[in-house]
1. Give the number of residues within the stretch A:287-337 that are more than 36 Å from the chain's Cα centre (by Cα) and within 25 Å of residue A:270 (Cα to Cα).
2. Run down A:459, A:410 and say which single residue is in contact with a Pro (Cβ under 8 Å, 6 or more places away or on another chain), among the aliphatic types (A, V, I, L, M) and in the same structural domain as residue A:242 (by the TED database).
3. When only residues in the stretch A:366-379 that are more than 20 Å from the chain's Cα centre (by Cα) and farther than 23 Å from residue A:451 by Cα count, which is surrounded by the fewest Cβ atoms within 10 Å (Cβ to Cβ)?
4. Just for strands (runs of 3 or more DSSP E) wholly inside the stretch A:91-203: which have at least 1 residues that are away from DNA strand B (no atom under 16 Å from the Cβ) and in the same structural domain as residue A:39 (by the TED database)?
5. If you scan the stretch A:290-302, which residues turn out to be without any contact (Cβ under 8 Å) to a residue 24 or more places away in the chain and either under 17 Å from residue A:319 (Cβ atoms) or among the hydroxyl-bearing types (Ser, Thr, Tyr) (or both)?
6. Is it fair to say residue A:503 is assigned to a helix (DSSP H, G or I), closer than 22 Å to residue A:676 by Cα and within 16 Å of DNA strand B (Cβ to nearest atom)?
7. Just need a number here: residues in the stretch A:244-281 that are farther than 23 Å from residue A:376 by Cα, more than 16 Å from DNA strand B (Cβ to nearest atom) and within 35 Å of the chain's Cα centre (by Cα).
8. Find the residue count for the stretch A:244-292, including only residues that are out of contact with any helix residue (DSSP H, G or I) (no Cβ under 7 Å at 6 or more places or on another chain), more than 23 Å from residue A:658 (Cβ to Cβ) and not in a helix (DSSP H, G or I).
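The values are calculated or read from the model by the stated rules, or taken from the named source; none is laboratory data. What you see is a predicted model; the values in this text were computed from it and never measured. Cβ sites come from the backbone with ideal geometry, for glycine too, and all protein chains shown count toward neighbours.
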Amino acid sequence: MDRKRKVDITGLGSTSTPAEDAAKKRNMGINPFTGAPYSRKYYDILEKRKKLPVHQFLDDLMDKVKNNQTVVVEGETGSGKTTQIPQFLVEAGYGAIGEGCVACTQPRRVAAMSIANRVSDEMDVNLGDIVGYSIRFEIKNGPRTILNFMTDGMLLREAMNDPFLAKYKCIVLDEAHERTLATDVLMGLIKEVLKNRPDMRVVVMSATLDAEKFQKYFDNAPLLKVPGRTFPVEIFYTPTPERDYVEAAVRTVVQIHKCEDPGDVLLFLTGEVEIEDACRAIRAEVEKSQDPTKEGELAVYPLYSSLPPAAQQKIFREAPGPKFPGGPVGRKVVVSTNVAETSLTIDGIVYVVDPGFSKQKVYNPRIRVESLLVSPISRASAQQRSGRAGRTRPGKCFRLYTEQSFKEELLEQTYPEILRSKMSNTVLTLLKLGVEDLVHFDFMDPPAPETLMRALELLNYLGALDDEGSLTDLGNKMSELPLDPQLAKVLLASPDYGCSNEVLSIVAMLSVPQVFMRPKEAQKAADEAKAEFAHIDGDHLTLLNAYHAYKQNGGSKDWCFSNFINSRSMVSAENVREQLGRLMGRLELRMVSTEFTARDYYTNIKKALTAGMFMQVAHLERSGHYLTVKDNQVVSIHPSSVLDNKPVWCMFEEFVLTSKNYIRTVTGVQADWLVEIAPHYFDLENFPECEAKHDLEAVYRRKDKSQQRPK
DNA sequence: CTCTGGAGA
C-alpha cells in the first residue's frame with residue numbers, strides 16, 4: 001500500500017493530506033478524531049492552552065522537526081511543553097490512525113497516566129482511544145491510538161520485540177535531563193534506529209542547563225528554548241558550613257515559622273527515618289516556645305514513597321487557620337525525600353529548606369555491590385529544589401551550605417543513573433535488542449568497562465550468554481521477564497525442581513517493597529507477628545509462608561494490618577505474580593508443585609533459588625563471621641533476618657552498607673547443592689584460597705568417593 | 001541490632 005497516498009477523509013472531495021483535512025475540520029469546529037463538534041470544555045481549555053509560553057514556538061518547532069530528525073527542546077517548568085508538544089506533533093500528522101503513532105516517554109508511571117488524562121481532555125477525546133498510555137500492569141490504548149504516553153521502561157520493553165520501533169513515527173523523550181537508565185538506553189537505541197528510519201522524528205525535551213549535551217549527542221540537533229512561567233525565588237546561603245544538617249534544618253524551619261510571612265514550607269531530607277525524626281523534632285521545638293498570640297499553628301507532614309497513600313494525601317491539606325478569630329494564620333511544613341523534587345508538586349510552597357543532601361545509588365563493581373549513600377546533591381538538583389518555592393508566588397530558598405560550596409563543590413549535574421548502577425539487567429536488554437558490541441554502543445555516558453565486564457560475567461555464569469557472548473535460548477527467555485537476571489534464572493529453573501508455583505510466589509514477594517512492617521511505636525508486636533511466619537531455613541521461605549497466609553485469609557486488608565504486613569506490598573506482589581505467571585505461560589514453563597508433605601518440598605524450593613542466586617553466597621568462617629564467596633567481604637546477617645542458626649553457607653538477596661555490611665533476605669544452603677547446581681562457579685581451579693574453598697574440597701572428595709563406590 | 005531515593009509487557 002502506498003503510505004504517502006492522499007486520502008479524502010473529509011468527504012469534501014479534496015485531495016489534501018490527512019493533516020490538512022483534520023485542520024480544516026478543526027476550523028469548522030469538528031473534532032477530526034471523533035467527528036463530533038467540539039465540547040464547551042474543549043474551548044475553555046483551548047483558551048488556557050493558547051496562553052502557555054510554548055504556544056508561541058509552535059511554528060518554529062514544527063519547522064525544525066520537519067527539517068531535522070532530532071530536535072532538542074529546553075523548557076522550564078510551566079512552559080507547557082509536556083502537554084502541548086505531543087499534540088502539536090499529532091496535528092502535524094506524525095500520528096495518524098492506522099498509520100503511526102506519537103510516543104511520549106516519562107520517567108514515572110503517575111506522570112504518564114496523569115498527562116494522558118489531561119491531554120485527552122484537551123483533545124476532547126476519551127482516554128484510551130485516540131490518546132492513551134502504557135505503563136506496567138496497565139495498558140490503556142487501542143487500535144485508534146495515535147498519541148501514547150508511556151514510561152521510558154515500557155518503551156524499552158516494546159523495543160525488545162520491535163527493534164525499529166515501527167509503530168512510532170515520532171518519539172518524544174520527556175524529562176531527558178533526569179537521565180534515567182531507561183532513557184539513556186533508549187537514546188542510544190533511537191540513535192541507531194534513526195539511521196534506518198529516515199521518516200522518524202525524535203524530540204528530546206529537557207530542563208535547563210544541559211541541553212547542549214543532548215544537542216551534541218544527537219549530531220548537533222537544533223535547539224528550541226521555551227521559557228517557563230515561574231516566580232522569582234530569593235536564595236539564602238549559610239555563612240559557614242553546618243555540622244549537623246538535620247539539626248540546622250529543624251532550626252531553620254522553626255525560624256521561618258516564627259519570623260516569616262505566611263506561606264508553606266518544604267524541607268528536603270534523605271530518608272524515612274530521618275524525616276520522621278525531624279518531624280518529631282520540629283513539633284517539639286515549636287511546642288516548647290509556642291506563643292499563640294504571635295504565631296499560628298504549625299502542621300508538620302512527612303512525605304516519602306513508602307508512606308501509605310492516605311498519609312501522602314495529607315500534604316495537600318490547607319495550612320491550619322487562625323486559632324482564634326483575628327489570630328495569626330497557621331502554616332504547614334512538608335518534610336520530604338526527593339519525591340517532592342520531581343514526582344510530586346505541592347502548591348502553596350513559598351519556603352524551601354535545602355540541606356543539600358539526598359540518598360543516591362552507588363555501584364562498586366569490584367565487590368558487585370549497589371548501595372544507597374547520603375551524598376551532596378548537584379547544582380541542577382539544588383536549582384530544581386529552590387524552584388519549588390516559586391510555583392504560585394515569589395518565594396525564598398534557604399540553602400544550608402555556603403555559597404562557595406554551591407559554586408565550587410557541588411557537581412553541575414547528578415551523575416546519570418547508568419554510571420551508578422549494576423548493568424546486568426541493562427546488558428541483557430541490550431543483547432536482546434541486538435546490540436552485540438557493547439563497548440562501542442553509543443552511550444551518552446558510557447558505563448565503566450569493569451561494570452560491563454561484571455554484567456557479562458554474571459550473565460555468562462547464569463547461562464544467559466555463551467562463551468562467545470551471544471544470547472542463549474535461556475538468555476532470551478530471561479530477557480522477557482521484568483526481573484533482575486538472577487531472579488529470572490530462579491524462575492526459569494523452578495519447573496525443573498518441581499516448585500514453580502512456590503518459587504513464583506517468592507519471586508513476586510521479592511519484587512515488591514518491604515512486606516513486613518515494623519513501626520517504631522510497635523516494634524515488639526511487629527516482631528512477634530513476623531515470628532508467626534518465620535521458617536527456620538530462612539527469609540525466602542518466610543516470605544512464602546506470609547504469602548500463603550495472606551491467600552488463606554482472602555487477601556484481607558484487616559488481616560494484613562493486624563499481622564504487620566504491608567497490604568499495598570501484598571497487592572502489588574499479587575500483580576507481579578500474575579504478570580510473571582502469564583509470561584511463564586507464554587514461555588511454556590510448567591506450573592508445578594511438590595507435594596507439601598514430601599520431604600523435599602522445601603529442599604526443592606531452596607535448590608531452585610540456588611540455581612539463580614549462587615553468586616550471592618556467604619560462608620561462615622571459623623572466626624564466627626561471614627565472608628562473601630569470591631569477593632571476601634566481611635558481612636553480618638541483617639538483624640531483620642529470621643535466620644538464627646548460623647548455617648555454614650547461605651545465599652542472600654541483597655548486600656546493604658549501613659552501619660555495618662549486612663546481607664539481607666538470607667537462606668541457608670548446602671554446599672552439595674552449590675557444587676551440584678553451579679559447578680562452573682564453584683570450580684576449585686578458579687577459586688581464591690580461603691576457608692570456603694577447603695569446605696568445598698571436602699564436598700568434592702566425598703562426591704568422588706561415593707561415585708567410586710560400586711553399587 | 002535494623003535506616004529504601006525513583007522505575008519495570
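1. Matching residues across the stretch A:287-337 total 1.
2. Working: A:459 fails: in the same structural domain as residue A:242 (by the TED database).
Result of the check over A:459, A:410: A:410.
3. A:379
4. A:101-106, A:131-135, A:147-151, A:168-173
5. A:290
6. Here the answer is no, as residue A:503 does not meet what is asked.
7. 5
8. The number of residues fulfilling the criteria is 9.
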